[in-house]
Every structure is written in C-alpha cells, then in structure tokens.
Amino acid sequence: MRVLACPDSLKGVLGQVEAAAALAQGVRRGGGEAVELPIADGGEGTALVLRQALGGEWRTAHASDPLGRPIEAEYLVLPDGTAVVESAAAAGLGLLAASERDPLVASTAGLGELLAAVLDGGPSAVLVGIGGTATVDGGEGMRRVLGEWPAKVPLRIACDVQNHLLGERGAARVFGPQKGATPEAVEELERRLAADQGLAPFAALVGAGAGGGLGAAFASLGGELIEGGDLVLDTLGFDARAAQVDLVVTGEGKLDQTTLEGKAPGSVWRHCQRLGVPCVLFGGLVDLVGPEFDIRPLSGDPSRAAADLVALGEALAVA
C-alpha cells in the first residue's frame, strides 16, 4: 500500500508538517509506504508548505499587528523570485490575545506595511494568502498604506473560502463572530463594508469576502483571486504525485461544508475524484456527510491528535 499523506493543519493543535509526519509514521508502522505532502489553501502554513516543496528564502520586515503594535513579519521568496506573503503574518488572529479580538478596531494597515517592504525587495511576482486574519475592514488599512499596486508586479491571491463580500454568507456575518464580533458589531461591520465604494465593483466575486474582505480589496488593486487549495495543489504538482499512489489521505481539524468551499482537503478530494484515486478524509470534528465521502473521524481530543493520526495511518495501511 502506497499512501500520499497530505493533510492541512489541525488549527491550533498540529501544523501541516507534523500532521503529515504522524500519518506517515502510522502507514509505515502498518507496513505501507508513505509519501508526505503537507498542503494549505492560503491560510497559515501556506508559505511553509511551498518552501518545503520548492525551496526559497525566509525574510522579515517591520510591520504592525492588527492593533498597531510593532512586529517583525516573516515572508518567503521562492527561487523564481516570487514573494509569498501570508496576511496572517501581520493581520493574523494569532497575533492577538483572546481578550483583544475586536474586528471593529483591528486593521490591515500592518499588512500594507509588510507588502510595501516586499515590493521594495523587487519580487518577480507576489502571492498573498488571505486566511487567518483578525480583521473585517475590507482591506481599508492595507489600501490606505499601499495606495496603488505596481502594474509590473503580478499579484495573485490565494482565497481559502469562496464567500462574497456582503450578505448572509458575507465577510461580516460569517466570519465576524469567529473574530470576536458581537451581533451588534457584525451589523456595523456589514454597514462599513457596504459603504466602501472602492469595494463595490468586486463585492460579488467568488472569494471577495475572504480575509474579512481582503479578497475584494486585492481585486480592487488588480489582484487575481484564485481558489487557494487548487493553487497550492497545482504548485506542488499534486496530480502527478497522486496518480502514483494507491490511496490519498487528507483532512483538517474540522470537516464541514466549508471544507468543500475552498479549503485544501476539499480541493484534494475533488482532484482525487477526477483522477480516480481513492481518498480518505479525516477530521477531529466531523459535520460532513454523504455516501460519496470516505470519512474517518478522529477522537476529537486535541491532546491525542498526533496519536490519532498515527493510528489512522496504521489502520489504513493494513486494511
């Protein structure tokens, strides 16, 4: 049994690399052969996944966190000169304590500072992942700092969700509560986004609501919005690798309908369906059903996540 272990992160519990290593350990323990290929979709860990597969150089720049405090933000320059920037490096939820989370005041200005420093380095192109932010400002702070985007530098945006900017499935109402917004704050955020005339022409784009409206903001600067999972899989040469194995195993901390709406494991599953390669999905929490899926729930206990993945890999190898 030859298995391709390509998990996304179990957010806050295991990173992609650690999760892939645990799965592979189990497969080998069960007598199978494992290939590790951690994946991402534009959220945290995207730069790490690309560096592991393609190489590159880490760099840092002075920036501000979502509350304006000075930080050193890291980004990646690939061998071809493309700069890979994770929005979460300067606007991430992980930069704030739980008590500090308030998207009414959190700003993407620090992301603008980071991107300005990246542009000063003369990249051949820029790829921005926009998952994991603490903000729902529609990129207002980032746009204010940057002004315009230089036309000579191609800009691609890896979106980890497909939501539009406004409405019941928009940036404020879906993601605001996850970032600390009260019901009243959610409605204020919706009003702010709807009033931003610079975003209006891009509000209905798929992915416009990603990153608290950063999708629409980057589109307004001329960026190309791309489904992050597919972008990363294509960059990693996933299809060629998957065609050489008997089974693909992927998953994340929580499997639900959003897994199929831009998340990396959903992209893996679709690619496998197209290739005719069996695919197992795992999740610490599972809220996804359907006869088309082969789903293996984990225990749901974060302290057992690595052990759960080892056990899953072993069970699949001996099945």
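Data overview
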item: Which numbered condition residue 291 misses (of (1) assigned to a helix (DSSP H, G or I); (2) more than 17 Å from residue 252 (Cβ to Cβ); (3) not aromatic (Phe, Trp, Tyr)); result: (1)
item: Residue 222 being more than 13 Å from the chain's Cα centre (by Cα) and either free of Cβ contacts under 8 Å to residues at least 40 places away in the same chain or not in a helix (DSSP H, G or I) (or both); result: yes
item: The one condition in (1) surrounded by 14 or more Cβ atoms within 10 Å (Cβ to Cβ); (2) outside any loop (DSSP other than H, G, I, E, B) that residue 273 fails to fulfil; result: (1)
item: Sole exception among (1) closer than 20 Å to residue 165 by Cβ; (2) outside any loop (DSSP other than H, G, I, E, B) for residue 107, by number; result: (2)
item: Some residue of the range 303-315 being buried (at least 19 other Cβ atoms within 10 Å of the Cβ) and not in a helix (DSSP H, G or I); result: no
item: Search result, residues across the range 151-175 that are within 17 Å of the chain's Cα centre (by Cα) and assigned to a loop (DSSP other than H, G, I, E, B); result: 160, 161, 162, 163, 164
item: Counted residues, the range 212-246 - those being over 21 Å from residue 154 (Cβ atoms) and open to solvent by less than 60 Å² (accessible area, probe 1.4 Å); result: 6
item: Residue list for the range 138-185, filter: touching a residue at least 40 places away in the same chain (Cβ under 8 Å) and of a type in the set (Asp, Glu); result: 140, 148, 160
item: Residue check, residue 206 hydrophobic (A, V, I, L, M, F, W, C) and within 18 Å of residue 27 (Cβ to Cβ); result: no
item: Counted residues, the range 159-178 - those being modelled with pLDDT of 95 or more and open to solvent by less than 10 Å² (accessible area, probe 1.4 Å); result: 5
item: Test: residue in the range 22-32 that is closer than 23 Å to residue 160 by Cα, within 21 Å of the chain's Cα centre (by Cα) and either at pLDDT 95 or above or hydrophobic (A, V, I, L, M, F, W, C) (or both); result: no
item: Condition met for residue 206 (open to solvent by 30 Å² or more (accessible area, probe 1.4 Å), out of contact with any strand residue (DSSP E or B) (no Cβ under 6 Å at 6 or more places or on another chain), part of a loop (DSSP other than H, G, I, E, B) and among the aliphatic types (A, V, I, L, M)); result: yes
item: Residues within the range 295-319 that are modelled with pLDDT of 95 or more and either of a type in the set (A, V, I, L, M, F, W, C) or within 16 Å of residue 5 (Cβ to Cβ) (or both), tallied; result: 15
item: Positions within the range 71-91 being touching a helix residue (DSSP H, G or I) at 6+ places or on another chain (Cβ under 9 Å), surrounded by fewer than 19 Cβ atoms within 10 Å (Cβ to Cβ) and farther than 13 Å from residue 60 by Cβ, in sequence order; result: 79, 80
item: Single condition residue 11 does not satisfy, out of (1) more than 20 Å from residue 262 (Cβ to Cβ); (2) surrounded by fewer than 24 Cβ atoms within 10 Å (Cβ to Cβ); (3) touching a residue at least 40 places away in the same chain (Cβ under 8 Å); result: (1)
item: Candidate set from the range 113-157 (those that are closer than 25 Å to residue 96 by Cβ and among the basic types (Lys, Arg)); member that is most open to solvent (accessible area, probe 1.4 Å); result: 144
item: The range 179-197, subset of a type in the set (Asp, Glu) and farther than 14 Å from residue 217 by Cβ, residue least open to solvent (accessible area, probe 1.4 Å); result: 190
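Each row is one residue, and each column tells you yes or no for (1) open to solvent by less than 10 Å² (accessible area, probe 1.4 Å); (2) part of a loop (DSSP other than H, G, I, E, B); (3) in contact (Cβ under 8 Å) with a residue 24 or more places away in the chain.
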{"site": "27", "(1), (2), (3)": "yes, no, yes"}
{"site": "34", "(1), (2), (3)": "no, no, yes"}
{"site": "42", "(1), (2), (3)": "yes, yes, yes"}
{"site": "47", "(1), (2), (3)": "yes, no, yes"}
{"site": "53", "(1), (2), (3)": "no, no, yes"}
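The values are calculated or read from the model by the stated rules, or taken from the named source; none is laboratory data. All values reported here derive from a predicted model rather than from experimental measurement. With ideal geometry, Cβ positions are generated from the backbone for all residues, glycine too; neighbour counts draw on all protein chains shown. These area figures cover heavy atoms from the full protein model, side chains too; ligands, DNA and RNA do not enter into them. Shrake-Rupley method; radii C 1.70, N 1.55, O 1.52, S 1.80 Å.
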